[in-house]
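Below is one structure, written out as structure tokens; the observations come after it.
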Amino acid sequence: MADGPRIYRPRERDAPAPDEEHSLDDLTAQLNPEQAAAALYGDGPLLIVAGAGTGKTRTLIYRVAHLLQRGVKPERILLLTFTRRAAHEMVTRAERLVGAVSGQVHGGTFHGTGNRLLRIFGQAAGLPRDFSIMDQADAVDLMGIARANLGYGKQEKRFPKKETLHYVYSRNVNTEIPVEDILGGELPQFTDYTDDVLRIFAEYTSRKHERNLVDYDDLLIFWWLMLEQSAPLAERIAGLYDHILVDEYQDTNVTQARILRGMCRTHQNISVVGDDAQSIYSFRGANVHNILDFPKQFPGTRLVTLEQNYRSTQPILEVTNTLISRAEERFTKNLWTSRAGGEAPWLVSARDEQQQTKFVVDRVLELHEEGTPLHEMAVLFRAAYMSADLEIELANRRVPFEKWGGLKFLEAAHVKDVLAFLRVIENPRDDVSWYRILMLMPGIGDSTARAAIAAMAEHGWEAHAFYDWAPPPRARDAHERLVALLRALNARASRNEAESLGTGVGAEIEAVRGLYDDILRERYDRPEARLADLEQLRVIAGGYPTRAAFLAAIALEPPQSTQDLAVGGDAEDDALVLSTAHSAKGKEWDTVFLIWAVDGYFPLARATADDAQLDEERRLMYVACTRPRNELYVSYPLNVYNTRRGADYSMDQLSRFVDRGVRAKMQRMVLADDGAAAPEPAAPPEQPPIDLRALLKSRFTK
Ligand code: ATP
Ligand code: MG
């Protein structure tokens, strides 16, 4: 493939035939024999371990359809996937295959299903029905409160920060590795503090209890405990489903595996599919051995492997097969396709980030001109911040895009601020949100905020407890303004409840903005974009029937994109997808751009010291490169003006994963100064050349 430099020129599209859906009658026309055998498999445990794009998800969809056709009641089937959207898509396709069915297959994420079951059965296990779900950031804040309350805030010596504590906590509850061993293995500087850390965890746990809060991990652990610790509850919960199916099983953790065993205590009708070479969530405790050990946990498992890829062209597969062949351990085999044609993927070197950005946007627009819809193209990157420059350029050139994964809209501080107001109306005992609100107000600092929260706790968190609280003089004005807003919101809420109107979440946000917009304007020099975010939040919230429904929806699964949230919004609007590699899992596009293929970016710098982490980075790049059907562009800037890693300027190396063997399967493109493609130099140097102008410029710019 590496037959000398080539200049990019647009060419004919050679997309595969669109995925037609027939009825189930002629299944063999739509599945290969191995897939069909799996889809039609009778009762009992079934495991499909197979590489990317081999039709695992498709087979699972057909299996659901087959079960329905066999007469299994839809509501007795549980389909677990990694995102709510994936579950929805799969269920819809399965139902379409069999025609109208009465009832609904239960599809969702593990966390979403845990939430649903806890609301129904939790009360019998001492968990009030109206618990609030904390997202990750809230959980970290609560850990900080627990830490400070036990007096660890003012330690002289280095002591684990709240984020670190939350990480260790979550790792401990998900993997059951003792805290002492986690500290010893990963954070040896803190091993002396094991007892203190355990005290903080106990405090964190009892605070969650007092406040009626549940974190993400609890949704799984409580579900499991109900199955494990109470025979009558287990019988009722497991009795809900006759068939359980799981996609992306390689990314489940030990708790999820146990839940599945508990759910299948009376029958063994469990089908799971996954690819060990795409296991990318070990930092959340996911354990690839879950999938490899499945036959041991479910004796009599039927194992199916698939090797034919239906997604990508052969030249793309040659690159991805080579990329993953370097991985240490793996089970799945090299992939092949019967699709003819296709061009070798491009390795694109840009002078700097701006040029990389310009190349991507130009090429996206060209392809769009040629007829590829924007949503059939994706730009992937290792970490969310790496798309900042691209986002700005896309906005400037009016190319619509949506962003998946990473720090999103809802994680932005100003959006969280507004949500905190809704949260305290919903659950007055939510002290994390109280603290957030109070700290926003001019004249209120840490100690005043704590005093106010203590006063409310003393008075049983009644609304009046805050109205009647006597603030110190400096905080009087702020208190007055907050009371006026909360009174208005509470009055509205009880009036609406009395008349059983919806709570009008959109209107509530508008009321909050009456107070908050000014705070925002004070805080930021350029508030316009943030104000626009809040406007969008109001519109999205207006689509939900109640405040509780809205808060639960956004806390449970941080949406992949803002469009995910819009209920019946204009989801078919064409938009380019920007996504972290993690969030691209399971998806496919016509054309994929992988940007920032630079050592220190992909793999991330922090992963380079550890072999296991490096292997996971490699699998992640494999996930990214196995997404395209027709075209793959891997790009890297040669020069980086950068304060992120401490240096103002650095020259970067191509990612170590794109090694000689991988490059041999690619075509090279060197972007010329005007952004157009230019032939590459005769022997591309391993080290990028020095750019004298850029070096000089870097002395004057940050
Ligand atoms: P990943 O590992 O990325 O999740 P996967 O194994 O789940 O991939 P699918 O997404 O199910 O793979 O399939 C990849 C593509 O191949 C889809 O467009 C799917 O419709 C198509 N496909 C799979 N099997 C067949 C088949 N037998 N005939 C035609 N198209 C197929
Ligand atoms: Mg899949």
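Annotations
- Matching option when the condition is assigned by TED's automatic domain parsing to the domain that holds A234 and over 20 Å from the mean Cα position of the chain (by Cα), among A94, A146: A94
- Scope the range 197-242; condition surrounded by 22 or more Cβ atoms within 10 Å (Cβ to Cβ) and either more than 25 Å from A552 (Cβ to Cβ) or within 16 Å of ligand 1 (Cβ to nearest atom) (or both); matching residues: V197, I200
- So G274, is it within 15 Å of ligand 1 (Cβ to nearest atom), outside the structural domain of M621 (by TED's automatic domain parsing) and buried (at least 19 other Cβ atoms within 10 Å of the Cβ): yes
- Residue check, L245 outside any helix (DSSP H, G or I), at pLDDT 95 or above, touching a Lys or Arg at 6+ places or on another chain (Cβ under 8 Å) and away from ligand 1 (no atom under 16 Å from the Cβ): no
- For the residues K208, K157, the requirement of being basic (K, R) and either at pLDDT 90 or above or within 22 Å of R258 (Cβ to Cβ) (or both) singles out K208.
- Any hit, the range 13-26, residues being buried (at least 17 other Cβ atoms within 10 Å of the Cβ), assigned to a loop (DSSP other than H, G, I, E, B), at pLDDT below 95 and within 34 Å of the chain's Cα centre (by Cα): no
- Residue identified as over 18 Å from R119 (Cα atoms) and in contact (Cβ under 8 Å) with a residue 12 or more places away in the chain among Y193, Y216: Y193
- Positions within the range 386-401 being closer than 24 Å to R606 by Cβ, surrounded by fewer than 20 Cβ atoms within 10 Å (Cβ to Cβ) and touching a residue at least 60 places away in the same chain (Cβ under 8 Å), in sequence order: E391
- Qualifying residue in the range 232-252 (condition: more than 16 Å from ligand 2 (Cβ to nearest atom), over 16 Å from N174 (Cβ atoms) and aromatic (F, W, Y)): yes
- Of Y385, Y310, all but one fail to be part of a loop (DSSP other than H, G, I, E, B), in contact with a Gly (Cβ under 8 Å, 6 or more places away or on another chain) and hydroxyl-bearing (S, T, Y); the exception is Y310.
- Residues considered: V379, V399, V360. Of these, the only one that is modelled with pLDDT of 85 or more, within 27 Å of the chain's Cα centre (by Cα) and part of a helix (DSSP H, G or I) is V360.
- The range 583-607, subset within 23 Å of D247 (Cα to Cα) and not in a strand (DSSP E or B), residue nearest to ligand 2 (Cβ to nearest atom): G586
- Elements of type helices (runs of 4 or more DSSP H) in the range 41-124, at least 2 residues being surrounded by 18 or more Cβ atoms within 10 Å (Cβ to Cβ) and within 16 Å of ligand 1 (Cβ to nearest atom): 56-69, 84-98
- Output for the range 180-219, where each listed residue is assigned to a helix (DSSP H, G or I) and among the hydrophobic types (A, V, I, L, M, F, W, C): I182, L183, F190, V197, L198, I200, F201, A202, L219
The values are calculated or read from the model by the stated rules, or taken from the named source; none is laboratory data. These numbers come from a predicted model, not from an experiment. Neighbour counts run over all protein chains shown; Cβ positions are idealised from the backbone, glycine included.
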